[in-house]
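What follows is one structure encoded as structure tokens, with my remarks underneath.
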Amino acid sequence: MTFRYRGYDSSGKRVKGVVNAAGIEDAKEQLRHMGILVESVKPHRSLFTSELPPSLTAALGRNLSLYLKAGISLPKGLHLVAENFPKRSKQYRFLEETARLIESGGSFYDALAAQGVYRVPPFFLQTVKVAQKSGNLEMVLLELSEYVQEQERIKRDVVKAFIYPSFILLIAVAMINFMLTTIIPKIVDMFEATKSELPTSTKVTLALSHFFQSYSWAMIAAVALSVAAVAIFWKRSERFGYLMDKTLLKIPLFGSMITAMELGRFGRVMALLLQSGVPFAQALNYAAQTVGNRYLHKLFGKIATQIVEGKSFTQAVRENVKKREIPNDFINAVALGEKSSHLAFSLKSLSELYAQQNRDRIEVMLALLEPILMLVIGGIIGFLVISMLLPIFSISMG
């Protein structure tokens with residue numbers, strides 16, 4: 001939960017901001033630990049506080065790791081990273097505010113939790129907290145940076161994969177709409193003047209032309225509103241989002257891609273947390289929070305609950321996972337990793353494997369999608385052209 005506070009730092013300067021805590025007393029304890037004399041603490045819910053951008057997370061982890069290895073203090077390192085951004089930017093304010101809170105006596109974890117510029121992901125905060133206690137902050141920050149960069153690469157690959165097919169589809173829709181609303185209506189008068197019987201394909205084309213002329217804007221508006229409504233309900237309705245996410249997992253090819261992506265993210269974060277020294281049940285909870293698919297998120301939540309009750313990770317997974325929901329190689333790797341006490345290594349290896357599998361799937365999908373798209377578009381345009389040419393040939397021959 002987030003709380004907004006007002007108070008004074010160790011130099012007597014008035015300060016304000018937000019802090020992430022389990023409750024008001026926990027928030028006050030964090031602020032006292034940071035050397036802040038608390039004036040007021042109130043629950044805070046902001047719609048405008050965005051999450052820490054992946055690009056900034058990667059730069060922060062990579063650069064701070066290098067600076068710490070070079071013997072530069074944490075606040076100085078944050079100031080150096082801040083110099084890469086414009087002074088009025090949110091990134092600059094985030095880095096300077098974090099550095100100021102550390103200089104006021106707080107730890108890196110406390111400063112990240114207390115600054116009010118960005119929401120920091122819980123798994124990132126917990127990893128930093130444990131890494132500071134264990135003394136391996138340099139290594140963990142570098143691992144966090146590599147993890148974020150890997151996730152961004154996956155997103156870029158997916159976006160790049162769909163740019164060309166989307167462009168072709170958009171051009172095709174525009175061409176078909178132009179033919180139905182502009183070209184075909186000009187030929188209709190000639191057909192009507194002959195009063196001859198038209199082929200069935202031509203009648204279908206003319207009906208489509210009349211429909212598009214009358215309702216094209218209404219169709220565009222209906223599609224736009226439908227997409228917007230689905231997107232809003234998907235985001236805000238827990239039940240609707242859960243059902244949609246569950247349905248997505250059942251779509252051939254796309255479902256396996258989503259599952260691999262989510263399991264890869266979960267495995268990498270879980271491995272990172274375990275390597276940093278986070279207790280197993282706690283690491284599972286934080287790793288589950290990074291799973292975007294609500295169905296899988298709820299599934300891992302059940303698994304975490306059963307582990308707290310005393311079951312092994314493998315046993316909890318086998319009891320909660322239905323057939324084909326999660327690949328057998330994931331379950332088997334977890335079982336082997338748990339038996340050999342190398343679960344973190346197994347999860348990290350699985351994460352890398354799933355990332356490569358998704359890259360291969362995207363390549364195969366693109367190789368199939370482009371020719372299929374061309375055939376479908378060519379078939380539609382060919383049908384429209386032939387349906388217009390057939391009666392013209394009949395008239396000229398008659």
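The values are calculated or read from the model by the stated rules, or taken from the named source; none is laboratory data. Just so we're clear, the structure is a prediction, and the values are computed from it rather than from any experiment. Neighbour counts are summed over all protein chains in view; Cβ atoms, including those assigned to glycine, are modelled from backbone coordinates with ideal geometry.
Only one residue in Leu95, Leu74 is touching a helix residue (DSSP H, G or I) at 6+ places or on another chain (Cβ under 9 Å) and buried (at least 23 other Cβ atoms within 10 Å of the Cβ). Which one?
Working: Leu74 fails: buried (at least 23 other Cβ atoms within 10 Å of the Cβ).
Going through Leu95, Leu74 in turn, just one is touching a helix residue (DSSP H, G or I) at 6+ places or on another chain (Cβ under 9 Å) and buried (at least 23 other Cβ atoms within 10 Å of the Cβ): Leu95.
If I filter segment 382-398 for residues that are touching a residue at least 24 places away in the same chain (Cβ under 8 Å), of a type in the set (Ser, Thr, Tyr) and under 19 Å from Val291 (Cβ atoms), do I get at least one hit?
no
Would you kindly identify the helices (runs of 4 or more DSSP H) lying entirely within segment 64-167 that contain at least 2 residues that are small (Gly, Ala, Ser) and more than 30 Å from Ser351 (Cα to Cα)? Outline the logic, then answer.
Values: elements: 74-82, 90-103, 108-114, 122-134.
In segment 64-167, 74-82, 108-114 are the helices (runs of 4 or more DSSP H) which contain 2 or more residues that are small (Gly, Ala, Ser) and more than 30 Å from Ser351 (Cα to Cα).
Could you say which residue among Asp110, Asp157 is acidic (Asp, Glu) and assigned by TED's automatic domain parsing to the domain that holds Met374?
Values: Asp110 fails: assigned by TED's automatic domain parsing to the domain that holds Met374.
Just one listed residue meets the conditions, Asp157.
Give Leu336, Leu373, Leu350 a once-over and let me know the one that is without any contact (Cβ under 8 Å) to a residue 40 or more places away in the chain and either closer than 24 Å to Lys246 by Cα or part of a helix (DSSP H, G or I) (or both).
Working: Leu373 fails: without any contact (Cβ under 8 Å) to a residue 40 or more places away in the chain; Leu350 fails: without any contact (Cβ under 8 Å) to a residue 40 or more places away in the chain.
The match here is Leu336.
Being modelled with pLDDT under 85 and out of contact with any strand residue (DSSP E or B) (no Cβ under 9 Å at 6 or more places or on another chain) is true for just one of Asn177, Asn84. Which residue is that? Walk me through how you get there before you give the answer.
On the way: Asn84 fails: modelled with pLDDT under 85.
Exactly one residue qualifies, and that residue is Asn177.
Among the listed residues Leu272, Leu343, Leu284, Leu336, which satisfies the condition of being over 18 Å from Gly255 (Cβ atoms), surrounded by fewer than 15 Cβ atoms within 10 Å (Cβ to Cβ) and touching a helix residue (DSSP H, G or I) at 6+ places or on another chain (Cβ under 9 Å)?
Working: Leu272 fails: surrounded by fewer than 15 Cβ atoms within 10 Å (Cβ to Cβ); Leu343 fails: surrounded by fewer than 15 Cβ atoms within 10 Å (Cβ to Cβ); Leu284 fails: surrounded by fewer than 15 Cβ atoms within 10 Å (Cβ to Cβ).
Being over 18 Å from Gly255 (Cβ atoms), surrounded by fewer than 15 Cβ atoms within 10 Å (Cβ to Cβ) and touching a helix residue (DSSP H, G or I) at 6+ places or on another chain (Cβ under 9 Å) holds for just one of Leu272, Leu343, Leu284, Leu336, which is Leu336.
What's the number of the only condition in (1) touching a strand residue (DSSP E or B) at 6+ places or on another chain (Cβ under 8 Å); (2) at pLDDT 90 or above that Leu52 fails to meet?
Condition not satisfied by Leu52: (2).
Is there a residue in segment 290-311 that is touching a residue at least 24 places away in the same chain (Cβ under 8 Å), surrounded by fewer than 15 Cβ atoms within 10 Å (Cβ to Cβ) and over 25 Å from the mean Cα position of the chain (by Cα)?
Among the residues of segment 290-311, at least one is touching a residue at least 24 places away in the same chain (Cβ under 8 Å), surrounded by fewer than 15 Cβ atoms within 10 Å (Cβ to Cβ) and over 25 Å from the mean Cα position of the chain (by Cα), which makes the answer yes.
Scan Leu263, Leu272 and give me the residue that is touching a residue at least 24 places away in the same chain (Cβ under 8 Å) and more than 16 Å from the chain's Cα centre (by Cα). Steps first, answer last, please.
Numbers: Leu263 fails: more than 16 Å from the chain's Cα centre (by Cα).
Answer to the check: Leu272.
Out of all the residues in segment 73-90, is one or more in contact (Cβ under 8 Å) with a residue 60 or more places away in the chain, of a type in the set (D, E, K, R) and closer than 26 Å to Gln151 by Cβ?
No: segment 73-90 contains no residue that is in contact (Cβ under 8 Å) with a residue 60 or more places away in the chain, of a type in the set (D, E, K, R) and closer than 26 Å to Gln151 by Cβ.
Just checking, does segment 198-205 include any residue being farther than 30 Å from Arg62 by Cα, assigned to a loop (DSSP other than H, G, I, E, B), more than 26 Å from the chain's Cα centre (by Cα) and not basic (Lys, Arg)?
From segment 198-205, those farther than 30 Å from Arg62 by Cα are 198-205; that's our starting set.
With the extra rule that they be assigned to a loop (DSSP other than H, G, I, E, B), the set shrinks to 198-199.
Those left that are additionally more than 26 Å from the chain's Cα centre (by Cα): 198-199.
Pick out the ones that are also not basic (Lys, Arg) and you get 198-199.
Within segment 198-205 (the criterion being farther than 30 Å from Arg62 by Cα, assigned to a loop (DSSP other than H, G, I, E, B), more than 26 Å from the chain's Cα centre (by Cα) and not basic (Lys, Arg)), the answer is yes, since at least one residue qualifies.
Kindly list the number of the only condition in (1) of a type in the set (A, V, I, L, M); (2) farther than 21 Å from Ile154 by Cα; (3) touching a residue at least 12 places away in the same chain (Cβ under 8 Å) that fails for Ile362.
For Ile362, the exception is condition (2).
Can you give me the ranges of the helices (runs of 4 or more DSSP H) entirely in segment 235-327 with at least 1 residues that are touching a Lys or Arg at 6+ places or on another chain (Cβ under 6 Å), aromatic (Phe, Trp, Tyr) and modelled with pLDDT of 80 or more?
Numbers: elements: 238-248, 254-276, 280-288, 294-308, 313-320.
Hits in segment 235-327: 238-248, 294-308.
Among residues belonging to segment 135-162 that are among the small types (Gly, Ala, Ser) and closer than 14 Å to Leu68 by Cβ, point out the one that is surrounded by the fewest Cβ atoms within 10 Å (Cβ to Cβ). Full working, then the answer.
Here is the first cut: in segment 135-162, the residues among the small types (Gly, Ala, Ser) are 135, 145, 161.
Subset that is closer than 14 Å to Leu68 by Cβ: 135, 145.
Details: Gly135: 9, Ser145: 19.
For segment 135-162, the residue satisfying everything is Gly135.
Can you name the condition, by its number, that Ile220 falls short on among (1) β-branched (Val, Ile, Thr); (2) surrounded by 12 or more Cβ atoms within 10 Å (Cβ to Cβ); (3) more than 15 Å from the chain's Cα centre (by Cα)?
Looking at each condition in turn, Ile220 falls short on (2).
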